[in-house]
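Derivation of every value follows stated rules applied to the coordinates shown; laboratory data play no part. Note that the structure is a prediction, hence the values are computed from the model and not measured. Using ideal geometry, Cβ is built from the backbone for each residue, glycine included, and neighbour counts are taken over all protein chains shown.
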Amino acid sequence: MSAWVSTMALRRRLQDHPFLLVQAWRSTESLLRLLTKPLAYLGLERASRWLNPIERPIKHLLFDCQMCGQCVLHYTGMTCPMTCPKQLRNGPCGGVQMDGKCETDPEMDCVWVKGLERLEKTPYGPENLRLNPPVDWQLEDQSSWVTLALGRDQVAIGTERQARYASEVME
């Protein structure tokens, strides 16, 4: 078995049974909250240069992370929505096949179908109606750990809106 196949098997196993990933996320989030002041002092770019060599390989191995700088893994069932060929961050497109495959790449499971299935196995299930802000491409390749600590991860440029939910929009 090649290293790539075993990496994919490990990733799928952990994402399909996300308890350890959720615990790791909670620990990381707690640590980052403690480091907010030092990270703010360093600034986004310098702190990212220091943390990216740690964050990038871990998140690439576990999630095929695309380093958008605005991680929403905990809202998407520990499945990176940026791995969607269309990079959709708020649910599947209208072209999902009946078997749950992607319309762009029929060999690939729809990222959002998998994410929503996995989300139910996490404590974040109610977040399935959360509307994620559009990607701020200025944060691409910045550490999402730093953007989280600095409060930049969920705010789109030019807006001060907090997270919204589909139920608010549909009313």
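Once the Cα gyration tensor of the range 3-170 is found, what semi-axes does its equivalent ellipsoid get, as square roots of 5 times the eigenvalues, in whole Å, sorted largest first? Display every interim value, and only then the final one.
Details: eigenvalues 131, 77, 46 Å².
Square roots of five times the eigenvalues give 26, 20, 15 Å.
Subtract the Cα-Cα distance of Phe19 and Asp105 from 0.36 nm times their separation in residues, and report this length gain in nm to one decimal.
Numbers: separation 86, 0.36 × 86 = 30.96 nm, distance 2.89 nm.
Result: 28.1 nm gained on full extension.
Quote the charge dipole size of the chain about the Cα centre in Debye, to the nearest 20; the model charges only the Cβ of Lys and Arg (+1) and of Asp and Glu (-1).
Values: 20 positive and 20 negative charges, 115 e Å.
Charge dipole, the chain, about its Cα centre: 560 debye, nearest 20.
Within the range 110-140, list the GluC sites (Glu not before Pro) lying in a DSSP loop whose Cβ has at most 11 other Cβ atoms in a 10 Å radius. Before the final figure, lay out the partial values.
Values: sites: Glu117, Glu120, Glu127, Glu140; in loops: Glu120, Glu140.
Here the GluC sites (Glu not before Pro) that fit, given the DSSP loop and packing criteria, are Glu120.
Could you give the nm distance between label points at Ser27 and Trp50, where each point is 7 Å from its Cα heading toward the beta carbon?
The answer from the label model is 2.1 nm.
Long-range amide H contacts for Arg130: which residues qualify at under 5 Å (H placed 1.01 Å from N, peptide plane, sequence gap of 5 or more or a different chain)?
Those qualifying (amide H under 5 Å, at least 5 residues apart or on another chain) are Ala166.
Between Thr36 and Met8, with labels modelled 7 Å along Cα→Cβ, what's the label distance in nm to one decimal, could you check?
Spacing of the two 7 Å Cα→Cβ label points: 4.1 nm.
With an 8 Å cut-off on Cα pairs and a minimum separation of 6 or more residues, tell me the relative contact order of the chain in percent. Provide the component values of the computation, followed by the final result.
Numbers: 218 pairs, mean separation 47.9, N = 171.
Relative contact order, the chain: 28 percent.
Under a straight-distance cross-link criterion of Cα-Cα below 27 Å, which lysines are reachable from Lys101, leaving out those fewer than 8 residues away in the same chain?
Leaving aside lysines fewer than 8 places away in the same chain, those within reach of Lys101 are Lys59, Lys86, Lys114, Lys121.
Of Ser30, Ser144, Ser48, which has the largest mean-square fluctuation in a 10 Å C-alpha GNM of the chain?
Sorting by GNM fluctuation, first place goes to Ser30.
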